[in-house]
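See structure below.
The values are calculated or read from the model by the stated rules, or taken from the named source; none is laboratory data. On a predicted model such as this, the values are computed, not experimentally measured, just so you know. Every residue, glycine among them, receives a Cβ derived from its backbone with ideal geometry; neighbour counts consider all protein chains shown. Remember, those area values only see protein heavy atoms, side chains included, never the ligands or the DNA or RNA. Shrake-Rupley method; radii C 1.70, N 1.55, O 1.52, S 1.80 Å.
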Amino acid sequence: MTGIQKVGVVGCGLMGSGIAQTAAAAGFSTTVHDVAEPFLAKGRAGILKSLGRLVEREKITAESRDQALARLGFVTDLSALRDCDIVIEAITEELELKNKLWGELDRICGPRTIFASNTSSLTIGSMATATARPDRFVGLHFFNPVPMMPLVEVVRTSTTSAETLDRALAFVLALGKEPVVAVDRPGFIVNLLLVPFLLDSVRALERGTASTVHLDRAIQLGCGHPMGPLSLLDFIGLDTVVRIADIMFNAYEDPRYAAPPLLRRMTEDGHHGKKTGKGFYDYSVNPPVPADLDSGKA
Ligand code: NAD
């Protein structure tokens, strides 16, 4: 028994909306918070589209789509998460921002509420110690797109209680996902190994090793990856990847985690990948075409 019935999700972006959809589809009463209505509207539209596709492909029935939607609430008032059994944070990858939020949630939520962060590269301990409940704080690292990806890294800190870990593992299983337990070091398991590979693919592109399409196709067909690394970068969000790289570079002082200048420039120019319509590919056309990176237009 997880003892979890009500789920709160903070941040209705790429990940938060996916986590909320998954929780609602698994039968949990789910409330999603973001700072303003347009973010909630965008996330809700993404959830409607995703559930619609699942109905079209006959993965779920129209009835279960409607039931999932009925379990979802969208709020700008953080105090609406007051009586949640677990709150999962999926806001921008910045420690200061996250810890300000945790401070507020610590005051709002009851003592039994478990706090979980979906951070990609910060340590869970650096957030847990900013609250009065480091024993009820855990990492739940989901993968994008959340409704499709079966893995969740469950991160235990030196202060996470055995009961919290057990409840978190049971919750992940109740979501229909497979948990793996990771230690609390930046990048956990997957990003520790994946991020240098993604950054190396940008370095290879900068060096002129191959075109965008050939680089992606080589890894897809040669290594059996479902998508090439440049497509994956666009999918994750280039702004998020730069933040993750900077945090991991600071943590490990390893040049493998240094964000390549091209990636930084594209992010500064507002080209954040699929979510802004442009990254290594241009998504304004269907199917997407490689973006013109040399002209500065990215
Ligand atoms: P995103 O930019 O798509 O969404 C972030 C959302 O958080 C936005 O809607 C923003 O308005 C909201 N937000 C920012 N500050 C807030 C606050 N104080 N209160 C409430 N909402 C706030 O980002 P994302 O890709 O969904 O990433 C979110 C988190 O998930 C990050 O920690 C990231 O590292 C992690 N993550 C991302 C991926 C990925 O593939 N993108 C995968 C796993 C984990």
In the set Pro255, Pro260, Pro287, which member is touching a residue at least 40 places away in the same chain (Cβ under 8 Å) and more than 16 Å from the ligand (Cβ to nearest atom)?
Pro260
Every listed condition ((1) of a type in the set (S, T, N, Q); (2) open to solvent by less than 60 Å² (accessible area, probe 1.4 Å); (3) not in a helix (DSSP H, G or I)) holds for Ser231 save (3)
For the stretch 195-219, what are the residues that are in a helix (DSSP H, G or I) and either in contact (Cβ under 8 Å) with a residue 60 or more places away in the chain or assigned by TED's automatic domain parsing to the domain that holds Glu93 (or both)?
Val195, Pro196, Leu199, Val202, Leu205, Thr212, Val213
I'm told Arg243 meets every condition in (1) touching a helix residue (DSSP H, G or I) at 6+ places or on another chain (Cβ under 7 Å); (2) within 16 Å of the ligand (Cβ to nearest atom) except one. Can you identify the failing condition by its number?
(1)
Residues of the stretch 29-49 satisfying the condition of being away from the ligand (no atom under 14 Å from the Cβ) and either without any contact (Cβ under 8 Å) to a residue 12 or more places away in the chain or surrounded by fewer than 24 Cβ atoms within 10 Å (Cβ to Cβ) (or both):
Ser29, Leu48, Lys49
Hey, does the stretch 142-160 have a residue that's assigned to a helix (DSSP H, G or I) and touching a Ser or Thr at 6+ places or on another chain (Cβ under 7 Å)?
no
Which listed residue is in contact (Cβ under 8 Å) with a residue 12 or more places away in the chain, of a type in the set (Asp, Glu) and open to solvent by less than 50 Å² (accessible area, probe 1.4 Å), from Glu104, Glu153:
Glu153
Would it be correct to say that Leu14 is within 11 Å of the ligand (Cβ to nearest atom), open to solvent by less than 30 Å² (accessible area, probe 1.4 Å) and assigned by TED's automatic domain parsing to the domain that holds Ser120?
no
If we keep just the residues of the stretch 95-135 that are of a type in the set (A, V, I, L, M, F, W, C) and part of a loop (DSSP other than H, G, I, E, B), which is modelled with the lowest pLDDT?
Ala130
Going through Leu151, Leu165, Leu105, Leu69 one at a time, which residue ends up being within 15 Å of the ligand (Cβ to nearest atom), over 14 Å from Ile19 (Cβ atoms) and not aromatic (Phe, Trp, Tyr)?
Leu105
